[in-house]
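Engineer: Take a look at the following structure, please.
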Amino acid sequence: MPGSNALQVFRVVERESAGNRLWMRGEGDDRVIHFAVAGFRGPPFPETITKPVLERRDAAGEQSWRLSCDQGRFDFEAQAVERIETRPALYATLHRPFELSTTDRMAVRLLLALLRLPGGPKLLRLWHARRSA
């Protein structure tokens, strides 16, 4: 967790919600990084944080943390700090083979409309079996 981040600019998305949660978000070319701070107690952070470095302050206590950034140093207490990184571009190519074609989407709409009629579920099962085979 300690150390600098690949992303340079983070924005405070949510503060002072239920459970004193603080949520920061940074977006890059191929990734989105979130910092979720649970049980936040400390000074208010600026809306935009540049070059953040989060580190635990063991000497000050188990729940003490420090955020160092271009805007200054902020000491705060938190029950937990989590770094969540997502890479949406990584999964775009993995999902493509399972994407329905235009014809399949129209067939699904038609079959779902036919579900109301007698024999509709059987038609849907047959179409799905043919597509899966």
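Engineer: Could you say which residue among Arg83, Arg105 is not hydroxyl-bearing (Ser, Thr, Tyr) and not in a strand (DSSP E or B)?
Structural biologist: Numbers: Arg83 fails: not in a strand (DSSP E or B).
Step by step, each of Arg83, Arg105 is checked, and only Arg105 is not hydroxyl-bearing (Ser, Thr, Tyr) and not in a strand (DSSP E or B).
Engineer: What about Arg131, is it open to solvent by less than 100 Å² (accessible area, probe 1.4 Å) and over 30 Å from Arg11 (Cβ atoms)? Break it down into steps so the answer makes sense when it comes.
Structural biologist: Details: open to solvent by less than 100 Å² (accessible area, probe 1.4 Å): yes; over 30 Å from Arg11 (Cβ atoms): yes.
Answer is yes for this residue.
Engineer: Another question, if that's okay. Looking at the stretch 32-50, is at least one residue in contact (Cβ under 8 Å) with a residue 12 or more places away in the chain, basic (Lys, Arg) and open to solvent by 70 Å² or more (accessible area, probe 1.4 Å)?
Structural biologist: In the first step, residues of the stretch 32-50 are kept if they are in contact (Cβ under 8 Å) with a residue 12 or more places away in the chain; the result is 32-50.
Narrowing the set further to residues that are basic (Lys, Arg) leaves 41.
Within this subset, residues satisfying the condition of being open to solvent by 70 Å² or more (accessible area, probe 1.4 Å) are 41.
Scanning the stretch 32-50, I find at least one residue that is in contact (Cβ under 8 Å) with a residue 12 or more places away in the chain, basic (Lys, Arg) and open to solvent by 70 Å² or more (accessible area, probe 1.4 Å), so the answer is yes.
Engineer: Another question, if that's okay. Being touching an Asp or Glu at 6+ places or on another chain (Cβ under 7 Å) and of a type in the set (A, V, I, L, M, F, W, C) is the filter here, so list the residues in the stretch 36-64 that pass it.
Structural biologist: Once the filter is applied, which keeps residues that are touching an Asp or Glu at 6+ places or on another chain (Cβ under 7 Å) and of a type in the set (A, V, I, L, M, F, W, C), the stretch 36-64 yields only Ala36.
Engineer: Going by what's in this entry, would Arg25 be described as open to solvent by 50 Å² or more (accessible area, probe 1.4 Å) and either part of a helix (DSSP H, G or I) or among the aromatic types (Phe, Trp, Tyr) (or both)? So that I can check it myself, show each step before the final result.
Structural biologist: Details: open to solvent by 50 Å² or more (accessible area, probe 1.4 Å): yes; either part of a helix (DSSP H, G or I) or among the aromatic types (Phe, Trp, Tyr) (or both): no.
When the stated conditions are applied, Arg25 does not pass them.
Engineer: Answer yes or no as to whether Arg73 is in contact (Cβ under 8 Å) with a residue 60 or more places away in the chain, assigned to a strand (DSSP E or B) and exposed (fewer than 15 other Cβ atoms within 10 Å of the Cβ). First the steps, then the outcome.
Structural biologist: On the way: in contact (Cβ under 8 Å) with a residue 60 or more places away in the chain: no; assigned to a strand (DSSP E or B): yes; exposed (fewer than 15 other Cβ atoms within 10 Å of the Cβ): yes.
So Arg73 does not fit the description; no.
Engineer: Looking at Ala89, is it among the hydrophobic types (A, V, I, L, M, F, W, C), within 18 Å of Arg25 (Cβ to Cβ), in contact (Cβ under 8 Å) with a residue 40 or more places away in the chain and exposed (fewer than 12 other Cβ atoms within 10 Å of the Cβ)?
Structural biologist: Working: among the hydrophobic types (A, V, I, L, M, F, W, C): yes; within 18 Å of Arg25 (Cβ to Cβ): yes; in contact (Cβ under 8 Å) with a residue 40 or more places away in the chain: yes; exposed (fewer than 12 other Cβ atoms within 10 Å of the Cβ): yes.
Judged against the criteria, Ala89 is a match.
The values are calculated or read from the model by the stated rules, or taken from the named source; none is laboratory data. Values in this document were obtained by computation on a predicted structure and should not be read as measured data. Note: ideal-geometry Cβ built from the backbone for every residue, glycine included; neighbour counts use all protein chains shown. Just so you know, the surface numbers come from the protein's heavy atoms only, side chains and all, with ligands and any DNA or RNA stripped out. Shrake-Rupley method; radii C 1.70, N 1.55, O 1.52, S 1.80 Å.
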